[in-house]
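The next block holds one structure in the form of structure tokens; read it before the comments.
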Amino acid sequence: MAAARLAEAGHDVLLLEEGPLLAGADFTERDAEMTEALYAERGLRATDDLAVALLQGRAVGGGTTVNWMIMLRTRDWVLDEWAERHGTVGMRGADLRPVFELVERETHARPVPDDVHSPNNRIILDGARSLGWRAEPAVINARGCVRSGFCGHGCRYGAKQGTLATYLPRALAAGARLVADGHDTSEIALQLCYSERTVKNVLHDLTTRLQLRNRSHAVAYAVREGLI
Ligand SMILES: Cc1cc2nc3c(=O)[nH]c(=O)nc-3n(C[C@H](O)[C@H](O)[C@H](O)COP(=O)(O)OP(=O)(O)OC[C@H]3O[C@@H](n4cnc5c(N)ncnc54)[C@H](O)[C@@H]3O)c2cc1C
């Protein structure tokens, strides 16, 4: 979103993504291939003590390429709590309502039509209503969803209106540049058959000599100098 808005406002925008750029038929719907291609640490990311597993997208579009498309607005009572307990400013319900509406419009967020709920969701919806509980269909950011059920593997039908289908094309059309498929130190070491320590030393020498602040700054430098 930020990239699209900044590029459209005439700023020079460079998008860096450590994961790959995949779209359409690249999403094979094969669990082994897609989990490895689209998730951080091949789907096995966890906290250091392994107590909490963290399923996180790692591809152009980030989590919005693999997520299940449920579009929830942060509730007013949560925003109020943030303001009162944590001092957030300009983030009350009334402030964010136009922002939510804008994002929902731009990502084609709509309630799931009543006749396309899966049987298990249908049971939950009907059951809740028959008990007199408030129950609503989920709002999802999809256009022409074919209900393949493979949302977590990326959408090969182009229905999912994540950042890959919405803000990224806008950013690129407005002149932003994208560099994907980054490697971390261990991957570079593996590919070059060097130790991680050697790779770190070389990176440190390079960034010091060229007065670069970090890896992102180094990629921006390489793009500017026409090296990539
Ligand atoms: C399977 C799944 C289903 C989900 N379903 C829903 C849902 O239905 N509704 C909902 O609201 N949320 C859902 N989420 C959560 C939602 O997708 C994420 O909360 C959201 O995408 C987070 O956005 P973000 O921009 O903070 O980070 P991310 O989307 O995680 O994006 C960060 C990106 O930065 C890249 N990156 C990280 N470090 C570097 C680096 N050093 N250099 C370059 N690139 C880097 C990562 O590879 C990643 O692509 C789901 C998440 C998953 C994994």
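The values are calculated or read from the model by the stated rules, or taken from the named source; none is laboratory data. Computed from a predicted model, the values in this text were never measured in an experiment. All Cβ positions, glycine included, derive from the backbone under ideal geometry; neighbour counts span all protein chains shown.
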* To do: Give the residue, chosen from Thr198, Thr163, Thr185, Thr207, that is farther than 22 Å from Leu14 by Cβ and of a type in the set (Ser, Thr, Tyr).
  => Thr198
* To do: Pull up the stretch 130-153, narrow it to residues that are surrounded by fewer than 14 Cβ atoms within 10 Å (Cβ to Cβ) and modelled with pLDDT under 95, then point me to the one that is nearest to the chain's Cα centre (by Cα).
  => Gly149
* Structure fact -> Those residues of the stretch 37-51 that are out of contact with any Ser or Thr (no Cβ under 8 Å at 6 or more places or on another chain) and under 22 Å from Gly158 (Cβ atoms) come to a total of 2
* Working only within the stretch 87-129, note down all residues that are within 13 Å of Arg73 (Cβ to Cβ) and among the acidic types (Asp, Glu). => Asp95, Glu101, Glu104
* Asked: Does the stretch 18-28 include one or more residues that are closer than 26 Å to Ser148 by Cβ and near the ligand (Cβ under 10 Å from one of its atoms)?
  -> yes
* To do: Inspect all residues belonging to the stretch 43-56 and state whether any of them is within 8 Å of the ligand (Cβ to nearest atom), in the same structural domain as Leu16 (by TED's automatic domain parsing) and in contact with a helix residue (DSSP H, G or I) (Cβ under 7 Å, 6 or more places away or on another chain).
  => yes
* To do: Would you check which residues across the stretch 70-94 are in contact (Cβ under 8 Å) with a residue 12 or more places away in the chain and surrounded by 11 or more Cβ atoms within 10 Å (Cβ to Cβ) and list them?
  => Ile70, Met71, Arg73, Thr74, Asp76, Leu79, Asp80, Met91, Arg92, Gly93
* Exclusive hit being among the aromatic types (Phe, Trp, Tyr) and either assigned by TED's automatic domain parsing to the domain that holds Thr107 or touching a residue at least 12 places away in the same chain (Cβ under 8 Å) (or both), set Tyr221, Tyr194, Tyr167 -> Tyr167
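Residues Val66, Val139, Val99, Val60: which one is free of Cβ contacts under 8 Å to residues at least 12 places away in the same chain and within 16 Å of the ligand (Cβ to nearest atom)?
Val99
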* Out of curiosity, is Glu84 within 16 Å of the ligand (Cβ to nearest atom) and farther than 30 Å from Asp184 by Cβ? -> no
